Amino acid sequence: MIRDTSSQDTPIARPKAKRRTGLVAIAAAVVALGAWALPQARGLIGTGSSVSMERLGVDEVSRGPFVRDIQAEGRVVAAFSPTLYAPAAGAVTLQVHAGDSVRKGQVLATIASPELAAKLAQEQAAADTLRTDTLRAQVEAGEQRGALQGARENAAIDVKAAETDLARQRKAFDAGAAAGMQVDHARDALEKARIALAHAEANLHSKDEALKFEVQSRQQAHARQVLLVDDLRRQVGELTLRSPVDGQVGQLFVAERASIAKDAQLLTVIDLSRLEVEMQVAETFARDLAVDMPGEITGNGQSWKGRVSRISPEVVQNQVAARLRFDDGPQAPAAAPDAPGGGGLAPGRPSAAAATGGVPARLRQNQRLSVRVLLDQRPDVLSVRAGSFIDESGGQYAYVVRDGVAVKTPVRLGARSVDRVEVLSGLAAGDRVVVSGAENFHAAATVGLAH
């Protein structure tokens, strides 16, 4: 016999009124909780992902003063610090020590170069020989010119004698005292004398030109040798190294009586009357940096006004070297840029001592100082704290936090300072923007935020 399920069926009693009332209360609580969590739930349902707020950096867009500046550490350098090199090989003798004060033109070192001295003596002897040859050529040219001039004058005398003889023979022929043959002979003698005179004059002229060229060639050879001797004398004179400026001896690169090669570094001279501060600027800010921009230099409890004097044309390790010159003497340290009346710098307003290049006291070469250069300052600008979202989005969009959801919003950004960036469009004052950690959103349109 097969059993059925009748033994398992049990009648269910109807719920009492009290249990129904409890269920109604629970349902009402669930509805209230859903109404409270509806925005969060809606964001989670729409995004499909959630990121903890603890992993994000959020800043509020605000309107106020916007200061673009560059702050870095700089070091004191001499605006003019020449390095002296050996003009020739030899043994060096130092006349000064590192740290000595020197005057312009003072002897700093001498180099003994026997090779250069011997070459100068040889070339000087060659110059003396050429000078003697030139003088000898002038004497010989004078003698030859005199002999040719005498031959020409003798030929002229012969012409005159022939003319006189011809005249006498003509008179004798006219008187019947001479034959016609004698007249013809006298005429031929005159013609011959005239030809000899013409040859003598031509020979004198051509030989005179040749003698001039010969003497001129000797003179030019002597002049060329004199120039060579003068250049060697200059080189020998440069073996005595003198200070190019008033200043102080910096670093010595060689030891006393050391044998050095040509073009070897010897020492440096520092012009302490013109000091500058060298700083390294990030490549992103270097494009906005320009010569004559105002700056501020602080150190030793003092502050000095400065101006950008030069900017390197090359980028080294993502940085650009720039230098600031001192405008005037020390002043009180400037207030912070965001303090009332602060800033301390006024763009486009040169100092009265801008051209003097003031030299502060008690500063030393390579001393570290703080440097600030003002690029731009505007009173009413919409801005937000700069962060990784600029590089992550390329400045094209930002995530705005609204009702627990980060919404991807197109934006247009402008100028950047050290810690803030200008907002041109897409955001309003009071908006809360995710400035760091947006890479966790993976460029999603909306992302839920969990507290």
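The values are calculated or read from the model by the stated rules, or taken from the named source; none is laboratory data. Remember, predicted model here, so these are calculated numbers, not experimental data. Cβ: placed from backbone, ideal geometry, glycine included. Neighbour counts: every protein chain shown.
Below is a table of values for the structure above.
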item	result
S101 vs. criteria surrounded by 16 or more Cβ atoms within 10 Å (Cβ to Cβ) and among the hydroxyl-bearing types (S, T, Y)	no
Filter result (closer than 14 Å to V371 by Cα, hydrophobic (A, V, I, L, M, F, W, C) and surrounded by fewer than 19 Cβ atoms within 10 Å (Cβ to Cβ)) within the range 295-324	A321
Filter result for D231 (closer than 30 Å to S113 by Cβ and not small (G, A, S))	yes
Exclusive hit being out of contact with any strand residue (DSSP E or B) (no Cβ under 6 Å at 6 or more places or on another chain), in the same structural domain as K305 (by TED's automatic domain parsing) and at pLDDT 85 or above, set A290, A264	A290
Filtered residue count, the range 408-425, keeping only those that are of a type in the set (A, V, I, L, M, F, W, C) and surrounded by fewer than 18 Cβ atoms within 10 Å (Cβ to Cβ)	3
Elements of type strands (runs of 3 or more DSSP E) contained in the range 167-284, each with 3 or more residues being within 34 Å of the chain's Cα centre (by Cα) and surrounded by 16 or more Cβ atoms within 10 Å (Cβ to Cβ)	247-252, 265-270, 275-282
3 or more residues touching a strand residue (DSSP E or B) at 6+ places or on another chain (Cβ under 6 Å) and of a type in the set (V, I, T): qualifying strands (runs of 3 or more DSSP E) within the range 352-451	368-385, 405-410, 432-436
Residue in the range 422-444 that is closer than 30 Å to E278 by Cα and in the same structural domain as M293 (by TED's automatic domain parsing) present	yes
Flag for L148 being in contact with a Lys or Arg (Cβ under 6 Å, 6 or more places away or on another chain) and assigned by TED's automatic domain parsing to the domain that holds L204	yes
Residues satisfying the stated conditions in the range 349-387, i.e. modelled with pLDDT of 85 or more and loosely packed, with under 15 Cβ neighbours inside 10 Å	R368, R378, P379, D380
Complete set of residues in the range 393-451 that are among the polar types (S, T, N, Q), under 15 Å from V58 (Cβ atoms) and in contact (Cβ under 8 Å) with a residue 24 or more places away in the chain	S436, N440
Filter result (within 17 Å of the chain's Cα centre (by Cα) and part of a loop (DSSP other than H, G, I, E, B)) within the range 294-329	S312, P313, E314, V315, Q317, N318
Restricting the range 389-413 to residues that are under 11 Å from V433 (Cα atoms) and small (G, A, S), the residue that is farthest from the chain's Cα centre (by Cα)	A406
